[in-house]
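The structure under discussion appears below in the form of structure tokens.
No value in this document is a laboratory result; all are computed from the given coordinates. On a predicted model such as this, the values are computed, not experimentally measured, just so you know. Using ideal geometry, Cβ is built from the backbone for each residue, glycine included, and neighbour counts are taken over all protein chains shown.
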Amino acid sequence: MKIIAVNAGSSSLKFQLLEMPSEAIITSGVIERIGFSDSVFTIKVNGDKKRSVKSIKNHSVAVQIVLDALIDMKIVKSYEEISGVGHRVVHGGEKFNDSVLITDGVLNEIEQLKDLAPLHNPANATGIKAFQEILPNVKQVAVFDTAFHQTMPKESYLYPTPFAWYKKHGVRRYGFHGTSHKYVAQRTIDLLGKEIDNSKVITVHIGNGGSITAVKNGKSIDTSMGFTPLAGIMMGTRSGDIDPSILPYVMEKEDWSIEEAISQLNQESGLKGVSLKSSDMRDIVDGVNKGDEHCITALNLFAKRVSDVIGSYYITLGGCDAIVFTAGIGENSKVARKAIIDRLGALGILLDEEANQVRGEERLISTPESKIKVYVIPTNEEVMIARDTLRLLK
Ligand code: ADP
């Protein structure tokens, strides 16, 4: 059975076609710059990348082009071979604690949630509608970034702000990257050979965006992103948690609007803001190797922010069996991982320096003496989307 996993952005459409239940990737690709005259379509088949540039005016045209390419390249004989389409949807609010089959009502709810995710949910909904239009008889499933975190207890998801903010306006911690945290947590529990009901795992998803989750018995009980993805640890261009009073102070000094100030926190902060150089960890490491003071400070600040949250989740979980690193930095940067783990000595964590050389592969990177196991596990959100789609088709 063939399932497409889709991630639609405002001007992009990423997809992966998977054979299920074997989870083999048949093909994957992306259309970028939808709505522009120079849209770029890239598709990968048997390790070969094909790239073409043409005008793709909207998401419906993009979906048509993807499906036509599947037929032209003889990957499928007809649309009937596609049994389901799973969509990544960023915000499910408090409404969705699991993936769901998309009905008119569900699509409406996803659109209603645009208040909470103004950039993402409308784009996700556009992707869903484009597939509905072209594959009207194929079942579609929504997989929410927030759903995994709906198991958090009140003391994790409520802010100590007036209760009316929550009641009237839904101000609470939602958390994001849920599909990734769930995937690596499940995989870690498998590798530990533990019963899920007796497991404590800290998942560290650090890419350009980043969040950390405390997973007890397979369920999220706390996570570092909050009402929006701006909260929590330091990221590529986002500040993570700061004292909110800094905002009006800087706004007054610089004569900034609230939009300008928030954009400074979303786009000009994090590794980029502190290093004065780049939001990319590779450039930061390069700077560290050259003795660049700003890059050294950026790496130290990043490692402190991440290790402090890990330490606090050790308490939240009442111990910890394993810590798992994933996403761009977590999977690829031995320097960032070492900088973080070096700060966790108080928990009895010992890094195996040799194993830590790993890049983009599953590996245990702690020594046998380490009190907590540390893993690198490449995340796979597409497989999770395809698994949930398969489950709901049945
Ligand atoms: P996103 O949050 O956009 O999905 P990714 O998970 O793809 O991001 O992570 C992208 C980031 O991963 C890059 O900005 C870079 O900082 C980091 N990264 C990727 N490869 C390496 C590497 N070899 N060494 C260090 N950092 C890397």
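At a glance:
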item: Whole-number percent relative contact order across the chain, with pairs defined as alpha carbons under 8 Å at least 6 apart; result: 14 percent
item: Where only alpha carbons of the chain are counted, the Rg and the Dmax (Å); result: 21.4, 63
item: Whole-Hz couplings from phi, Karplus 6.51/-1.76/1.60, listed for the range 313-324; x for Gly and Pro; result: 6, 4, 6, 4, 7, x, x, 6, 7, 7, 10, 10
item: Alpha carbon centroid spacing (whole Å) that separates the range 164-217 from the range 305-353; result: 15 Å
item: Evaluated over the range 84-148, the Cα radius of gyration and Dmax, each in Å; result: 10.7, 30
item: Proximal lysine pairs, the range 266-394, alpha carbons under 27 Å, eight or more residues apart or interchain; result: 19
item: In order through the range 240-251: 3J(HN,Hα) via Karplus (6.51 cos²θ - 1.76 cosθ + 1.60), integer Hz, x for Gly, Pro; result: x, 4, 9, 5, x, 5, 4, 4, x, 4, 6, 4
item: Cα pair distances of the range 255-375 binned at 5 Å [whole percent]; result: 2, 11, 19, 20, 18, 14, 9, 4, 2, 1, 0, 0
item: Rg/Rg_globular for the range 204-262, with Rg_globular taken as 2.2 N^0.38 Å and Rg from C-alpha atoms; result: 1.39
item: Intensity falloff of the range 47-137 expressed as log10 I(q)/I(0), Debye formula with alpha-carbon point scatterers, at q = 0.21, 0.23 Å⁻¹; result: -1.08, -1.18
item: Kirkwood Rh in Å, taken over all unlike Cα pairs in the range 82-218; result: 16.3 Å
item: Peptides ranked, highest mean first, by Cβ atoms within 10 Å: ranges 174-184, 89-99; result: 174-184, 89-99
item: 10 Å-binned pair-distance histogram of the range 256-306 (Cα, whole percent); result: 28, 46, 20, 5
item: 0 to 90° range, to nearest 10: angle between helix 59-72 axis and the chain longest Cα axis; result: 70 degrees
item: Added length on full extension, which subtracts the Cα-Cα distance from 0.36 nm per residue, ASN289 to GLU94; result: 65.7 nm
item: For the range 161-277: relative contact order, % (alpha-carbon pairs under 8 angstrom, 6 or more apart); result: 19 percent
item: The chain - mean residue ellipticity at 222 nm from DSSP helices (-39,500 (n - 2.57) per run, n ≥ 4, rounded to 500); result: -11500 deg cm²/dmol
item: Two-decimal log10 I(q)/I(0) for the range 175-317, as the Debye equation yields it once each C-alpha is a single scatterer, q = 0.09, 0.13 Å⁻¹; result: -0.33, -0.64
item: Under-5 Å amide H pairs with GLY86, H placed in peptide plane, nonlocal only; result: ILE4, ALA5, VAL6, VAL141
item: Helix 121-134 axis, angle to the chain major axis (alpha carbon atoms, nearest 10°); result: 20 degrees
item: DSSP-defined antiparallel bridges as percent of all bridges, the chain, nearest 5; result: 70 percent
